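Working notes, beginning with the structure itself.
The values are calculated or read from the model by the stated rules, or taken from the named source; none is laboratory data. These numbers were taken from a predicted model, which means no experiment stands behind them. As a convention, Cβ positions derive from the backbone with ideal geometry for all residues, glycine included, and neighbour counts pool all protein chains shown.
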């Protein structure tokens, strides 16, 4: 059996890092971890080939070669998915799909032979068993939550690691919280399920053996969902592994803001090599936090919590949302003020949307406020429900946030605020300077210091950082490149007349 695993193309979005990747001569931010894991679940004697359309093209020869095309995707990849399905059908190739996009909305996809929905550890073996008997069904679905200690190591041999900026592994699935707008508990459940320490170390070993020596993203919904296991088992094991290997990878992950309340956990994570964490801040407005059930963020000084994490050696990336029913007209100014004061350099601000199946989706459906499906792009100005705030006011305010926080002056000022608080761990070993990073640094000076309109702010920032924070200079230059990418992403929307943006909504 010949299996072609296809990961569809991302549009140019906040998290694609497309413009930053060009500078460091990489094709994609991360490899398709889900498909690589699925590949490891398929029979060993099957021929397997993976095409990640974010780093290479899908050719007609690829499709002609395959007996089956396996596709996995997220919502933002929807348009590319439909193109891949249509191309596969031109060659009468069987199409098998799974993953988040299809699990929550498979009904809108035509031309698919087999839907393998939910978590692959449950539904994929059922499909493979029926396929072997010649009686494969159209849909396989289950609400059962598998024991992920049985999940195999991803089949890394299917990709060219040099094409990617970071690798990724998964330690846990599920989140103990239930934010109204989030579909995590629909996809992965409310109770965190974890791998054991031997699995985690085996996955780190696999990356190391393949020659990887750069960042690794632990892609969990909430890495600290089971704090006790992290403290007693997982982090001590990673610390020992990292020390023996002289810290070959910096680690980063996603967590909730209450990480800042746990001194021991922060210390262990920093000691294990974590230097970056994404936090869902959402909003500084208490009423909006109550509305969306983000109770971990309520009744706390969010800026102080962020700075505490920075003081422990973590670069905090933040997710922010505008468009809650409880948002006042002052929310746009409040978001800008919070983002600037907190020193959250990578601040992803998006319009609220209601993914299918979420509690927000169900509430808005009852209120007869739902519109078309949403794009999955956090920054494309589309919204899939009727907001309480006047739509034009919401869009103009949102444009103002993006135009402000990513303008060179405010962006570099925010990096400076972050660097004042950032206290990374000092350790021997660590990453070697890679040639692509050196080339990227030189290219970044051309793009940011010569071509871009805000170049005078770049050079002031360049000199200031070199003099005041020389140890953090490489990080600061990487963040500067991020800012370049974010400005390139938003410029196509910022320049749109309000009439055209209203049509998007």
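Worth a mention:
- Candidate set: the range 358-385, residues that are out of contact with any strand residue (DSSP E or B) (no Cβ under 8 Å at 6 or more places or on another chain) and farther than 29 Å from residue 403 by Cβ; chosen: the one surrounded by the most Cβ atoms within 10 Å (Cβ to Cβ): 358
- Every condition in (1) more than 27 Å from residue 183 (Cα to Cα); (2) in a helix (DSSP H, G or I) is met by residue 290 except one, and the failing one is (1).
- Breaking point among (1) part of a helix (DSSP H, G or I); (2) within 24 Å of the chain's Cα centre (by Cα); (3) surrounded by fewer than 23 Cβ atoms within 10 Å (Cβ to Cβ), for residue 38: (3)
- Counting only helices (runs of 4 or more DSSP H) that sit completely within the range 173-270, those holding 1 or more residues that are under 24 Å from residue 425 (Cβ atoms), modelled with pLDDT of 95 or more and outside the structural domain of residue 31 (by TED's automatic domain parsing) correspond to 197-209, 235-244.
- Hits in the range 254-284 - residues which are in contact (Cβ under 8 Å) with a residue 40 or more places away in the chain, within 15 Å of residue 221 (Cβ to Cβ) and within 15 Å of the chain's Cα centre (by Cα): 256, 277, 278, 279, 280
- Within the range 259-307, tally of residues that are buried (at least 17 other Cβ atoms within 10 Å of the Cβ) and within 22 Å of residue 229 (Cα to Cα): 17
- Residue list for the range 107-129, filter: touching a strand residue (DSSP E or B) at 6+ places or on another chain (Cβ under 8 Å) and either at pLDDT below 95 or surrounded by fewer than 16 Cβ atoms within 10 Å (Cβ to Cβ) (or both): 111, 126
- Within the range 314-346, the residues that satisfy the criterion of being out of contact with any strand residue (DSSP E or B) (no Cβ under 6 Å at 6 or more places or on another chain), buried (at least 23 other Cβ atoms within 10 Å of the Cβ) and part of a loop (DSSP other than H, G, I, E, B) are 324, 327, 343, 345.
- One residue from 234, 239 being in contact (Cβ under 8 Å) with a residue 40 or more places away in the chain and more than 22 Å from the chain's Cα centre (by Cα): 234
- Evaluated against (1) in contact (Cβ under 8 Å) with a residue 60 or more places away in the chain; (2) crowded, with 22+ Cβ neighbours inside 10 Å; (3) touching a strand residue (DSSP E or B) at 6+ places or on another chain (Cβ under 8 Å), residue 424 falls short on exactly one condition, (2).
- For the range 55-106, no helices (runs of 4 or more DSSP H) sit wholly inside it while including 1 or more residues that are without any contact (Cβ under 8 Å) to a residue 12 or more places away in the chain and surrounded by 17 or more Cβ atoms within 10 Å (Cβ to Cβ).
- All of (1) without any contact (Cβ under 8 Å) to a residue 60 or more places away in the chain; (2) over 20 Å from residue 472 (Cα atoms); (3) out of contact with any helix residue (DSSP H, G or I) (no Cβ under 6 Å at 6 or more places or on another chain) hold for residue 291 with one exception: (1).
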